[in-house]
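Below is one structure, written out as structure tokens; comments come after it.
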Amino acid sequence: MNSDCLANLRAHHADYIAFALPDSLTATMTGVLLFAALFAVAAAPLVLRAYGGQVRRLMRLHQIAPPPQAWYERLRRSRVREEPSELRPNHGASMSDLEHAAQSRRSVIKRATWSAYAAFVVASPAILWAGGSVDRGDVIGFYIAVPVLAAVPALVNLQPQGSKTWIFAALVVLGVVLSALDPTSKESVESAVFVPVFVATLYLVTAARKLRTVVGVMTVWLTPTLAGVLAAGWFTLPIFSCLNAQAGPREWALAGGGATMALLVLAAFVYAGNRALRLLSWLHERGFASDISLAAGLGFILLALLFAFAIAMESPLPKWQIGIIASVWIGATLSVYGWLIHRAATGGARRSLLLLRVFSRSRRSERFLDTLQSRWRYIGPIYEIAGPDLARLNVDAYELEKFLTYRLHEAFLFAGTDDRQLADRLDSEPDREGRFRVNEVFCLDSAWRETVGQLMRMSDAIVLDVRGFDRGRLGTEFEIELLARSGLLPRVLAVGDATTDWALFDGRIQAAGCVPGDVARAPIAGKDAVDRFLRVLMGGAAGQSATAESARSTFA
Amino acid sequence: MSRLRIYMHASGDSAIHRSGFSWTAAFLFPLWALTRRLYKTAAISCVVIFALAQLIPPLISLIRDPLVQGIAALVYMLAYWTAPGFLASRWHRHVLERAGYVVTADEISEPKGPGR
């Protein structure tokens with residue numbers, strides 16, 4: 001090491017060490033997290049598109065040799081929740097039991113969500129206090145912004161399938177109000193850029209139905225990776241500062257060593273990112289959080305960090321102290337939610353629902369199925385064969401982890417399997433907050449026919465969405481015939497509209513030797529269509545009457 | 001058109017293989033190798049990329065004729081960017097088969113998913 005190198009190191013020694021002090025480290029890590037969130041927002045549509053494409057391609061695969069027994073054992077070992085020993089357990093009797101249990105689960109989530117919201121709003125003055133002397137206009141803006149913005153994750157947790165338009169409108173109104181409060185601010189240009197980006201990020205992390213899971217998961221994955229890029233630069237700075245302009249053997253050795261060290265540091269952080277992703281997936285699998293509460297939780301965290309970041313810019317307090325206040329703020333909010341959920345955990349009656357449908361990419365169809373499955377999650381688990389239509393809508397942390405680590409095929413069934421192995425793949429127990437899972441069963445082309453038959457037998461109620469059903473829909477024709485042959489038509493509610501070829505539908509039932517009148521059918525009409533469908537399905541699932549009879553009385 | 005296959009090992013481990021050109025491998029070969037859990041390949045490719053970047057430019061500069069020098073540089077650049085893209089999936093398949101993995105699922109030409 002020559003004297004230039006030592007002089008160089010001495011000159012920058014203070015700056016170099018300062019970067020690792022708690023103050024700048026807190027600011028850097030918050031900045032990294034926010035940048036990761038922005039990057040995730042930009043990349044999420046592409047990732048989701050690639051995910052949908054991968055699912056479609058895997059669905060076309062055909063098993064040509066049976067997987068070894070070790071494959072099934074490995075899958076069984078990887079399960080983190082025990083499933084009930086019975087495949088179709090009887091957890092309650094009447095329809096009122098079901099309604100009561102669903103209502104009680106909804107109430108628990110509602111109470112916990114609003115309590116967490118209240119904790120977030122009540123604790124917010126602490127971060128404002130940390131900001132020291134703040135302008136009156138900013139204080140008013142803060143007290144308007146916190147309750148309005150915190151309502152976004154709260155509403156998403158309560159009504160995951162709805163409220164998007166209202167949320168978006170409220171966010172726009174808030175932006176206008178905040179601008180009106182401080183029209184002559186020197187920071188108006190920064191605000192003009194920052195506020196819309198911030199609002200859009202919050203919307204995409206929490207409210208955007210398809211993107212929120214992807215954005216949340218990718219933020220968790222990217223944060224350690226981006227921190228790794230910074231860490232690699234920081235660790236190797238002393239080495240690269242010793243390089244001379246003239247390339248000699250010493251320079252090559254230093255450059256090689258520095259590059260290797262940077263790669264090793266980066267690899268360690270990328271590994272940490274993968275572990276963080278695995279942890280998120282594990283939390284989801286264990287049932288500590290559902291896809292919905294994960295999005296809501298990330299929304300609260302993002303909000304708190306953004307406020308803390310903005311306050312820290314002006315505050316006389318050291319940034320690490322503001323970091324601690326923000327952490328306590330976030331911790332208090334999440335703890336209130338977790339504690340109330342834990343205290344009021346509900347069991348009770350439940351019934352499973354199988355969602356069969358014509359694969360359609362129309363938004364109307366998607367919205368209806370999303371609303372139906374979101375509401376049924378308080379009643380029982382939902383099973384469906386994964387398809388290109390709903391795969392992107394129902395993507396969760398586990399599936400995304402598999403996709404991002406290039407192991408999505410592990411989520412697929414290769415061929416028909418026995419009931420026990422299929423049950424091992426399903427998650428029929430509720431999350432700790434009381435919501436049940438949407439179980440997408442991913443099947444290769446060689447597996448879906450047998451699997452759909454097993455799911456039909458395992459489910460208490462079956463919705464058959466036949467909108468757009470016509471002669472080209474061979475898969476749906478197969479499903480209708482299978483339902484008829486298995487004697488399961490009394491459990492089915494067929495949902496159709498003007499695009500449904502009912503003659504073909506009836507023809508398939510007759511071809512299987514059954515009477516078309518055995519199956520309940522209903523058009524989608526009116527705002528309360530989902531409510532009526534749920535009543536019919538619950539009546540059928542509770543065994544009160546055949547779904548067809550229940551439908552006749554409901555839709556009469 | 002690329003083709004998707006799932007390989008499995010008797011130990012229960014599995015890997016997905018996609019034939020055809022890989023853009024990830026063309027631009028970021030070590031990253032491509034890491035995503036396929038080809039750790040040795042990733043490490044060796046880092047060394048090779050580093051060595052090529054140091055060795056080839058001085059060698060090309062030894063060529064006296066500017067035209068030949070230009071053609072050589074062009075050929076090198078083309079090979080540098082396209083060879084990994086074309087060879088990556090073949091290498092992946094070779095490594096999998098050598099390690100005892102067998103094809104368990106293959107792509108069929110006519111897609112017939114449920115509800116279609």
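The values are calculated or read from the model by the stated rules, or taken from the named source; none is laboratory data. Source: prediction; values computed, not measured. Glycine also receives a Cβ, built like all others from the backbone with ideal geometry; neighbour counts cover every protein chain displayed.
Can you find even one residue in segment A:7-28 that is surrounded by 14 or more Cβ atoms within 10 Å (Cβ to Cβ), more than 14 Å from chain B (Cβ to nearest Cβ) and among the β-branched types (V, I, T)?
There is at least one residue in segment A:7-28 that is surrounded by 14 or more Cβ atoms within 10 Å (Cβ to Cβ), more than 14 Å from chain B (Cβ to nearest Cβ) and among the β-branched types (V, I, T).
Which condition does A:G540 not pass, out of (1) surrounded by 17 or more Cβ atoms within 10 Å (Cβ to Cβ); (2) of a type outside the set (V, I, T); (3) modelled with pLDDT under 85; (4) closer than 20 Å to A:V358 by Cβ, if it passes all the others?
Unmet for A:G540, out of (1) surrounded by 17 or more Cβ atoms within 10 Å (Cβ to Cβ); (2) of a type outside the set (V, I, T); (3) modelled with pLDDT under 85; (4) closer than 20 Å to A:V358 by Cβ: (4).
Considering each residue of segment B:3-30, count those that are in a loop (DSSP other than H, G, I, E, B), surrounded by fewer than 19 Cβ atoms within 10 Å (Cβ to Cβ), of a type in the set (S, T, N, Q) and more than 9 Å from chain A (Cβ to nearest Cβ), and give that number.
1
Before we move on, is A:I341 touching an Asp or Glu at 6+ places or on another chain (Cβ under 9 Å) and among the β-branched types (V, I, T)?
In short, yes.
Which members of segment B:54-81 meet the condition of being surrounded by 13 or more Cβ atoms within 10 Å (Cβ to Cβ) and either in contact (Cβ under 8 Å) with a residue 12 or more places away in the chain or not in a helix (DSSP H, G or I) (or both)?
B:I56, B:I60, B:I63, B:A72, B:A73, B:Y76, B:Y80
Return the residues of segment B:86-98 that are within 14 Å of chain A (Cβ to nearest Cβ) and either surrounded by fewer than 13 Cβ atoms within 10 Å (Cβ to Cβ) or touching a Lys or Arg at 6+ places or on another chain (Cβ under 7 Å) (or both); say none if nothing qualifies.
Passing the criteria: B:S89, B:H92.
Working only within segment B:33-85, note down all residues that are closer than 30 Å to B:M8 by Cβ, within 12 Å of chain A (Cβ to nearest Cβ) and out of contact with any Pro (no Cβ under 9 Å at 6 or more places or on another chain).
If the condition is that a residue be closer than 30 Å to B:M8 by Cβ, within 12 Å of chain A (Cβ to nearest Cβ) and out of contact with any Pro (no Cβ under 9 Å at 6 or more places or on another chain), then B:A33, B:L34, B:T35, B:R36, B:R37, B:L38, B:Y39 are the ones that fit.
How many residues, within segment A:430-463, are among the hydroxyl-bearing types (S, T, Y) and within 14 Å of another protein chain (Cβ to nearest Cβ)?
Matching residues across segment A:430-463 total 2.
On the given criteria, is A:H12 out of contact with any strand residue (DSSP E or B) (no Cβ under 7 Å at 6 or more places or on another chain), modelled with pLDDT under 80 and not aromatic (F, W, Y)?
yes
Please verify whether A:L444 is of a type in the set (A, V, I, L, M, F, W, C), out of contact with any His (no Cβ under 6 Å at 6 or more places or on another chain) and more than 30 Å from B:L4 (Cα to Cα), treating the condition exactly as stated.
So A:L444 fails the test.
Say whether the condition of being farther than 22 Å from A:T225 by Cα, free of Cβ contacts under 8 Å to residues at least 12 places away in the same chain and hydrophobic (A, V, I, L, M, F, W, C) is met by at least one residue in segment A:54-67.
Scanning segment A:54-67, I find at least one residue that is farther than 22 Å from A:T225 by Cα, free of Cβ contacts under 8 Å to residues at least 12 places away in the same chain and hydrophobic (A, V, I, L, M, F, W, C), so the answer is yes.
Return yes when A:L243 is aliphatic (A, V, I, L, M), touching a helix residue (DSSP H, G or I) at 6+ places or on another chain (Cβ under 6 Å) and at pLDDT 75 or above and no when it is not.
no
In segment A:485-531, which residues are at pLDDT 85 or above, outside any strand (DSSP E or B), touching a strand residue (DSSP E or B) at 6+ places or on another chain (Cβ under 9 Å) and more than 18 Å from A:R364 (Cβ to Cβ)?
A:L488, A:L489, A:P490, A:R491, A:W502, A:F505
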